[in-house]
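The structure appears right after this line, and notes come after that.
The values are calculated or read from the model by the stated rules, or taken from the named source; none is laboratory data. Since we're looking at a predicted model, the values are computed, not measured. Positions of Cβ are generated from backbone atoms using ideal geometry, with glycine treated the same way; all protein chains shown enter the neighbour counts. Ligands, DNA and RNA are stripped out before the accessible areas are found, and what is left, the full protein with its side chains, is counted by its heavy atoms. Shrake-Rupley method; radii C 1.70, N 1.55, O 1.52, S 1.80 Å.
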Amino acid sequence: MNALRFGVLGTARIARRIVADMQSVDAIQVVGIASRDPARARWYADQYGIAQAFDSYDAMLASDSIDAVYIPLPPSLHHDWALAAADAGKHLIVEKPVAMTLAEAQAIDQRCRDRGRQWLDATAWLHHLRTDRIRQSIDAGELGRVQHISVACSFFEPFQSDDHRLNPELGGGCLLDLGWYAYGMARWAAGRLPVAVQSIGRQDRGIWFRSSSLLDFGDDLTATVNCAYDTATRKWFEIAGDQASIVCDDFTRPWPSKPARFWIHDRAGSVKSETFDGNQEARMLATFADLVSNATAATAMNQQALDTQQILQTVADGIAS
Ligand SMILES: NC(=O)C1=CN([C@@H]2O[C@H](COP(=O)(O)OP(=O)(O)OC[C@H]3O[C@@H](n4cnc5c(N)ncnc54)[C@H](OP(=O)(O)O)[C@@H]3O)[C@@H](O)[C@H]2O)C=CC1
Ligand SMILES: O=C1CO[C@H](CO)[C@@H](O)[C@@H]1O
């Protein structure tokens, strides 16, 4: 089987890590990188061992030597470049948040279907072995009946003033950036969209600095979700059932130099923990290469992404109104 030949749009900081992960996956070959600045593309290609440097994103999309693209651009650019990539016949992995609105995310999904291309959002925690085990634990009834999900993701305004996270035009703000993880986790754990959402939030400099919500998933399942740029780094969740609860303190990405782990606390007060090896990004990339090779759409993963986008829009609209 031929390796899936990837090109990278832009020279994002996150791309350095993902390129290294791609280079660790046998089924993937990173063959090109494109930048708005040709010299930057050349530098990046030389630095990271990538064969081709493209002088523009369009030049890369026009190339026959690229089968798929990775899109780690600021959020407001995802939609247009994802459509352009699909139109150019490329499969695509788009960074989170998939888009600015549900309509944009749906348009990406539809265009990929129309063109027979596969797409995936780069929400790597969903691909960790730990995540599979947590799902298995819920499905096997180890928690009993799941009643409540709590999630928090934050970061204390750590960005340079020109960071896209602080720029409303580029899709900045904690809601799309960290809410993607936090609200997405609640949707993942519940396995469906909420029937009602109540939110409060705070904006500063035209972007969301905090959002807190109560989600009602129906059937007596609720969630509380917080994301913020005004509290220290948090990336935890708890899934509480009537028999036991699972706690994970670093679900988006394991803390550096700690194994990925979670804890189960049961009604009798016993606590068990489990730890996991493995690189979530490499597993996500290998999954994508498999999907492309089998011409299979990532239907459940795409729905998770579309539902996450829908919840984020509901939260933003709910606070604004
Ligand atoms: N999955 C994960 O763990 C992570 C995901 N992300 C996501 O990845 C994406 C990129 O984030 P990050 O690495 O911080 O991005 P950066 O700001 O480091 O890079 C974005 C790149 O986009 C290109 N670009 C094109 N147009 C613009 C523009 N108008 N303004 C700024 N840059 C532009 C630039 O490349 P050039 O000029 O070379 O063309 C730039 O290097 C975001 O969607 C973010 O949410 C970020 C971090 C972690
Ligand atoms: O996705 C990402 C990983 O987490 C960071 C915060 O911890 C985000 O800012 C970034 O965009």
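Enter the accessible area per residue of region 4-121 (Å², integer; probe 1.4 Å; all protein chains in place). Don't skip to the answer; put the middle values down first.
Details: 4660 Å² over 118 residues.
In whole numbers, region 4-121 has 40 Å² accessible per residue.
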- Computed magnitude of the charge dipole of the chain (debye, nearest 20; Cβ of K, R +1, Cβ of D, E -1): 400
- Task: Find which of S24, I66, W81 sits farthest along the positive direction of the dipole of region 4-121, computed with +1 on the beta-carbon of Lys and Arg, -1 on that of Asp and Glu, about the Cα centre.
- Result: S24
- Query: Given the protein chains as shown and a 1.4 Å probe, how many square angstrom of K272 are accessible, to the nearest 10?
  - Reply: 120
- Query: Given the chain, what percent of its DSSP beta bridges are antiparallel, to the nearest 5?
  - Reply: 60
- Any chance you could count the Lys pairs in the chain whose alpha carbons are under 29 Å apart, treating pairs 8 or more apart or on different chains as valid? 5
- Query: Ignoring ligands, DNA and RNA, what percent of the accessible area of region 4-121 is carbon or sulfur (1.4 Å)?
  - Reply: 46
- Restricting to region 1-115, what percent of DSSP beta bridges are antiparallel, rounded to 5? 0
- Message: Report the Cα centroid-to-centroid distance between region 35-99 and region 267-320 in angstrom, as an integer.
- Response: 23
- Could you compute the FRET efficiency for Q203 and Q106, with r as their C-beta to C-beta distance and R0 at 22 Å, rounded to 0.05? 0.30
- Label F159 and A3 with points 7 Å out from Cα along Cα→Cβ: what is the distance between them in nm? 3.3
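Tally Lys/Arg at +1 and Asp/Glu at -1 over every other residue whose Cβ is under 15 Å from the Cβ of A190; what's the total? Could you put the intermediate results ahead of the total?
Details: positive: R135, R145, R187, R192; negative: D139, D216, D219, D220, E238, D307.
Computed value for this residue: -2.
With a sphere of radius 12 Å drawn around the Cβ of T224, what net charge do the other residues whose Cβ falls strictly inside it have (Lys, Arg +1; Asp, Glu -1)? Walk me through the intermediate numbers first.
Values: positive: none; negative: D216, E238.
Net local charge, T224 excluded: -2.
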- In the full protein assembly as shown, how much of F159 is accessible to a 1.4 Å probe, in Å² to the nearest 10? 40
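Which FRET efficiency value, to the nearest 0.05, do you get for K272 and R17 by plugging their Cβ-Cβ distance into 1/(1 + (r/R0)^6) with R0 = 22 Å? Walk me through the intermediate numbers first.
Details: r = 32 Å, r/R0 = 1.43.
It comes to 0.10.
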- Degrees, to the nearest 10: 280-293 long Cα axis against longest axis of the chain: 60
- Item | For R117, net neighbour charge (Lys/Arg +1, Asp/Glu -1) across residues whose Cβ lies under 12 Å away | 0
- Query: Once both axes come from the Cα atoms, what is the angle between helix 13-23 and the longest principal axis of the chain, in degrees from 0 to 90, rounded to 10?
  - Reply: 80
- Accessible area in the full protein assembly, largest first, 1.4 Å probe, for R130, R267, R111: R267, R111, R130
- Message: Per-residue counts of other Cβ atoms within 10 Å, averaged by peptide: what ranking do you get for 74-80, 44-50, highest first?
- Response: 74-80, 44-50
- CD proxy at 222 nm, helix term only [per DSSP H run n ≥ 4: -39500 (n - 2.57); per residue of the chain; nearest 500]: -11000 deg cm²/dmol
- Can you pull the Rg over Rh of the chain, Cα-only, Kirkwood? 0.97
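How would W188, W43, W263 line up by accessible area, probe 1.4 Å, largest first? Working shown, then result.
Numbers: W188 30, W43 125, W263 65 Å².
Output order, biggest surface exposure first: W43, W263, W188.
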